[in-house]
1. Given 0.36 nm per residue, what is the gain on full extension from residue 43 to residue 101 after removing their alpha carbon distance, in nm?
2. Expressed as a whole percentage, what fraction of the accessible surface of the chain belongs to carbon and sulfur atoms when a 1.4 Å probe is rolled over the protein heavy atoms?
3. Longest segment of the chain with no trypsin sites (Lys or Arg not before Pro) in a DSSP loop having at most 13 other Cβ atoms within 10 Å?
4. Please state the relative contact order of the chain as a whole percent: Cα pairs under 8 Å, 6+ residues apart?
5. Using the alpha carbon gyration tensor of the chain, what are the three equivalent-ellipsoid semi-axes (square root of 5 times each eigenvalue), largest first, in whole Å?
6. Evaluate the charge dipole of the chain about its Cα centre and quote only its size in Debye, nearest 20, assuming +1 on the Cβ of each Lys and Arg and -1 on the Cβ of each Asp and Glu.
Amino acid sequence: QVQLVESGGGLVLAGGSLRLSCAASGGTFSSYGMAWFRQVPGKVREFLVGIRRSRITYYADSVKSRFTISRDNAKNTVYLQMNSLRPGDTAVYYCAADSHLSDNYLPRGRAEYDYWGQGTQVTVSA
């Protein structure tokens with residue numbers, strides 16, 4: 001029904017930057033809340049940042065000063081700008097879409113999102 005495809009991951013030196021993209025198809029993008037998560041082996045999938053239909057944004061404390069989410073509804077795409085990257089940021093990064101929650105709610109839980117991309121690997125070397 002709804003497909004999400006991440007791109008833009010890769011290998012970067014500590015202190016560098018990357019911009020991830022998530023392209024959506026098969027639905028009405030402007031009606032979704034969107035978010036980025038990340039996961040490393042043996043750990044839970046971690047919420048990073050979300051953006052609602054109204055463009056309200058909310059961040060995990062760990063990335064608030066370094067990562068920025070944005071959306072372009074005309075392109076059905078959400079972005080994650082990552083600056084000042086650290087080796088601890090190494091993970092698979094996932095985008096997610098919420099199609100059912102009130103726009104006044106700010107979901108941070110994995111189970112609250114309806115659709116997921118396949119993930120893109122980000123590796124930060126020291």
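1. 18.3 nm
2. Of all accessible area on the chain, carbon and sulfur atoms account for 50 percent.
3. Looking at the chain, 65-126 is the longest stretch - no exposed trypsin sites (Lys or Arg not before Pro) with at most 13 other Cβ atoms within 10 Å.
4. On the way: 297 pairs, mean separation 45.2, N = 126.
Normalised by residue count, the contact order of the chain is 36 percent.
5. Semi-axis lengths for the chain are 23, 14, 14 Å.
6. 220
The values are calculated or read from the model by the stated rules, or taken from the named source; none is laboratory data. Keep in mind that this is a model prediction, so the values were computed, not measured. Ideal geometry is used to build each Cβ from the backbone, glycine not excepted, and the neighbour counts take in all protein chains shown. Side chains included, ligands, DNA and RNA excluded: accessible areas come from the protein's heavy atoms. Shrake-Rupley method; radii C 1.70, N 1.55, O 1.52, S 1.80 Å.
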